[in-house]
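Notes to accompany the following structure.
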Amino acid sequence: MGKATDSRENTGRGSLIALEGIDGSGKSTQAAYLYERLKKEGVCCELTMEPTASPIGALIRQILKGEFRTDNRVIAGLFVADRLDHLLNEADGIAAKVESGMTVITDRYYFSSYAYNSVDMPMDWVIQANKPSSAILRPAVNLFIDVDPDVALERIAKNRRHVELFETKERLRLVRENYRKAFQMLENEERCVIIDGNRPQAEIAENVWGVVWEILSKEALI
Ligand code: ADP
Ligand code: TYD
């Protein structure tokens, strides 16, 4: 295992790592662990998320809280728009950051669209709508933190003030199924790794780190 800084001197290539999972799966926790670990290894990295903090992301959060109601196709379109802004925003777009050699970790990316927004419309529609994003930046790996919806809802109930639009058991079950369906549909184009999220945080973090480090160092992405 070489030092991250050495590899960066050799190549300067950056990458995107996407953390995926149903609400309450623990993906934000794992994104934070991964970010700290990469920094410790001397990798130039950034942690980001979708929905973003942009005005488009803020509108999405209003919808998720039920403060503004609109058609599901509009919601799916807003996620697509938010993602493109996340990639291309002139001030802080992640596409340019990766291009400059940075490792960017994102808490959710287009597989979240495939899994969540396909509950209400055909998955092909959602995949097509996200084609501009996948053409701009494909993750080096999509890490799916997999937990049972019961476990996820228990974690949410323990730790949150409010329950959002998508957080019912039946819906989370469908979302989890959609994730698996999307991974299968796109297995020739995307690298997806399923991580068992029903374990203590530190154990999952070690698993995530092993997968990420192997990919980044083997493919000279750091
Ligand atoms: P997500 O981003 O997938 O919604 P979070 O990372 O915010 O999930 O985790 C949801 C809650 O569950 C948090 O309060 C977190 O501390 C807790 N949590 C995360 N990972 C685990 C785990 N492996 N075991 C038990 N609780 C966890
Ligand atoms: P997030 O804040 O990540 O929720 P959590 O921390 O509970 O996982 O995401 C907000 C919600 O938005 C979540 O229920 C998933 C949903 N979502 C979509 O429906 N489509 C998308 O493209 C994205 C990125 C998120």
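The values are calculated or read from the model by the stated rules, or taken from the named source; none is laboratory data. Being a predicted model, the structure only gives us computed values, none of them experimental. Reconstructed Cβ throughout: ideal geometry from the backbone, glycine too, with neighbour counts over all protein chains shown. For the accessible areas, the whole protein counts, side chains as well, though only heavy atoms, and no ligand, DNA or RNA atoms are used. Shrake-Rupley method; radii C 1.70, N 1.55, O 1.52, S 1.80 Å.
Any chance the stretch 116-126 includes a residue that's among the hydroxyl-bearing types (Ser, Thr, Tyr), surrounded by 17 or more Cβ atoms within 10 Å (Cβ to Cβ), assigned to a helix (DSSP H, G or I) and within 12 Å of ligand 2 (Cβ to nearest atom)? Yes, some residue in the stretch 116-126 is among the hydroxyl-bearing types (Ser, Thr, Tyr), surrounded by 17 or more Cβ atoms within 10 Å (Cβ to Cβ), assigned to a helix (DSSP H, G or I) and within 12 Å of ligand 2 (Cβ to nearest atom).
Evaluate the following for residue 57: is it farther than 25 Å from residue 209 by Cα and within 16 Å of ligand 1 (Cβ to nearest atom)? Spelling it out, residue 57 is indeed farther than 25 Å from residue 209 by Cα and within 16 Å of ligand 1 (Cβ to nearest atom). Within the stretch 82-97, the set of residues being in a helix (DSSP H, G or I) and over 16 Å from the mean Cα position of the chain (by Cα) comprises 88, 96, 97. Applying the set (1) of a type outside the set (D, E, K, R); (2) under 20 Å from residue 133 (Cβ atoms); (3) free of Cβ contacts under 8 Å to residues at least 60 places away in the same chain; (4) surrounded by fewer than 20 Cβ atoms within 10 Å (Cβ to Cβ) to residue 68 leaves exactly one unmet item: (2).
Assess whether residue 60 counts as being outside any loop (DSSP other than H, G, I, E, B) and within 25 Å of residue 196 (Cα to Cα). So residue 60 fails the test.
Being in contact with a Lys or Arg (Cβ under 7 Å, 6 or more places away or on another chain) and modelled with pLDDT under 95 is the filter here; which residues of the stretch 195-222 pass it? Answer for the stretch 195-222, where residues must be in contact with a Lys or Arg (Cβ under 7 Å, 6 or more places away or on another chain) and modelled with pLDDT under 95: 220, 221, 222. Residue 121 meets all of the listed conditions (1) more than 28 Å from residue 32 (Cβ to Cβ); (2) modelled with pLDDT of 95 or more; (3) not acidic (Asp, Glu) but one, namely (2).
What do you reckon, is residue 5 modelled with pLDDT of 95 or more, assigned to a helix (DSSP H, G or I) and not aliphatic (A, V, I, L, M)? In short, no.
Just give me the residues in the stretch 29-57 being assigned to a helix (DSSP H, G or I), in contact with a helix residue (DSSP H, G or I) (Cβ under 6 Å, 6 or more places away or on another chain) and more than 19 Å from residue 143 (Cα to Cα), in sequence order. Residues satisfying the conditions are 56, 57. Elements of the type helices (runs of 4 or more DSSP H) sitting completely within the stretch 129-222 and holding at least 2 residues that are more than 18 Å from the chain's Cα centre (by Cα), within 14 Å of ligand 1 (Cβ to nearest atom) and surrounded by 14 or more Cβ atoms within 10 Å (Cβ to Cβ): these cover 149-159. Within the stretch 190-201, residues that are among the basic types (Lys, Arg) reach partners that are assigned to a strand (DSSP E or B) and within 16 Å of ligand 2 (Cβ to nearest atom) with beta carbons closer than 7 Å, at six or more positions or on different chains, in the pairs 191/142.
Filter the stretch 23-65 down to residues that are within 27 Å of residue 77 (Cα to Cα) and polar (S, T, N, Q) and give me whichever is most open to solvent (accessible area, probe 1.4 Å). The selected residue is 62.
Can you say whether residue 69 is closer than 28 Å to residue 155 by Cα and in contact with a helix residue (DSSP H, G or I) (Cβ under 6 Å, 6 or more places away or on another chain), as far as the supplied structure shows? Taking the combined requirement at face value, the residue does not satisfy it. If you go through the stretch 71-88 and keep only what is basic (Lys, Arg) and open to solvent by less than 70 Å² (accessible area, probe 1.4 Å), you end up with just 83.
Within the stretch 87-128, the set of residues being more than 16 Å from ligand 1 (Cβ to nearest atom) and among the charged types (D, E, K, R) comprises 90, 92, 97, 99, 120, 124.
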